[in-house]
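This report concerns only the one structure given below.
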Amino acid sequence: MPKSAVTVSLVEEARGGPFVFWDGVEHAFETAAELGFDAIEIFAPGPDDTLIPQVKQLSAATGLAVAAVGTGAGMVKHGLNLTATEASERAKARDFIRSMIDFGAEFDAPAIIGSMQGRWGGPVSREEALGLLSEALNELGAHAGGANLPLLYEPLNRYETNLFTTTAAAAEFVSQLDTSHVKLLADLFHMNIEEANIAAALKDNLTAIGHIHFVDSNRQATGLGHMDYEPIAAVLQSFDAYLSAEAFPLPDSKTAAQKTMEMFRRYFAAS
Ligand code: LER
Ligand code: MN
């Protein structure tokens, strides 16, 4: 049975992005607890030491877990990615992600590699970029495994990466890594653009998937677009990890969170 989560962004530079809550961790934990979520997914500016005790205290007070932590601030704040042309930039990207894996480990939460994967092009061929991505995932996956956590790798739609855009191709790539600690993050918004059949792609690769971004076709909260959730939910009944709302705060944060919870309960009611 899946568990429910909802995102909060603490990154000012990401304003306008697809995160439900924007008004700090206290507001996110309290509103999510009120609505019945199991966990919060945190998009933080970095491995902020002052955030650690605050999040631990809020988690203990509300009973909500931390579902995952994003690493995209490495891209939006520092312009870093794992397949950059310069070796020194790639090293900084890895250092940033390693520090975010350690930050997440404070809350037993895996880190997500989404936009930090970068893209191939210019002087970096596709083959070279995949070699760099594979090296980075091996090293960072082993680091996450050391904390008994997976590392979540997210295929993105074609406008955001040219490395892996489909679940099957990403699953095949991850299965060839030396580490077994890298799991896929399947984002329904990206899948709606790239997959021929979302439910079939989830079903065929379910054992490789460790986290889902639960969102509608237009990147609004579930129920506010035209996604057909019936077949998706049928596949996900046995999914034992988080469905996390990574969606625009439309028409406002609380309504987006409420809509998500309504759909989560409709399809995944405890029986
Ligand atoms: C980016 O589009 C995305 O879906 C995020 O989860 C990546 O960090
Ligand atoms: Mn996503």
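The values are calculated or read from the model by the stated rules, or taken from the named source; none is laboratory data. Note that the structure is predicted; figures quoted are calculated from it, not measured. Every residue, glycine among them, receives a Cβ derived from its backbone with ideal geometry; neighbour counts consider all protein chains shown. In case anyone asks, the SASA skips ligands and DNA or RNA and just uses the protein heavy atoms, side chains included. Shrake-Rupley method; radii C 1.70, N 1.55, O 1.52, S 1.80 Å.
What the table shows:
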item	result
Among (1) open to solvent by 10 Å² or more (accessible area, probe 1.4 Å); (2) hydrophobic (A, V, I, L, M, F, W, C); (3) away from ligand 2 (no atom under 16 Å from the Cβ), the one test that residue 129 misses	(1)
Selected residue (criterion: farthest from residue 215 (Cα to Cα)) from residues of region 19-69 that are of a type in the set (Val, Ile, Thr) and open to solvent by 20 Å² or more (accessible area, probe 1.4 Å)	50
Counted residues, region 70-123 - those being part of a helix (DSSP H, G or I), more than 12 Å from ligand 1 (Cβ to nearest atom), open to solvent by less than 20 Å² (accessible area, probe 1.4 Å) and of a type outside the set (Gly, Ala, Ser)	2
Of all residues making up region 212-271, the number that are of a type in the set (S, T, N, Q), assigned to a loop (DSSP other than H, G, I, E, B) and either more than 16 Å from ligand 2 (Cβ to nearest atom) or out of contact with any Leu (no Cβ under 6 Å at 6 or more places or on another chain) (or both)	6
Selection within region 204-225 - under 15 Å from the mean Cα position of the chain (by Cα) and of a type in the set (Gly, Ala, Ser)	208, 210
Members of region 163-199 that are surrounded by fewer than 22 Cβ atoms within 10 Å (Cβ to Cβ), in contact (Cβ under 8 Å) with a residue 24 or more places away in the chain and among the charged types (D, E, K, R)	178, 194, 195
Test for residue 168: is it of a type in the set (A, V, I, L, M) and either more than 19 Å from the chain's Cα centre (by Cα) or within 16 Å of ligand 2 (Cβ to nearest atom) (or both)	no
Which listed residue is more than 19 Å from residue 139 (Cβ to Cβ) and in contact with a Gly (Cβ under 7 Å, 6 or more places away or on another chain), from 60, 65, 73	73
Out of 154, 160, sole residue that is open to solvent by 40 Å² or more (accessible area, probe 1.4 Å), closer than 19 Å to residue 75 by Cα and within 13 Å of ligand 2 (Cβ to nearest atom)	160
Checking residue 252 against (1) acidic (Asp, Glu); (2) buried (at least 23 other Cβ atoms within 10 Å of the Cβ); (3) without any contact (Cβ under 8 Å) to a residue 24 or more places away in the chain, the condition it does not meet	(2)
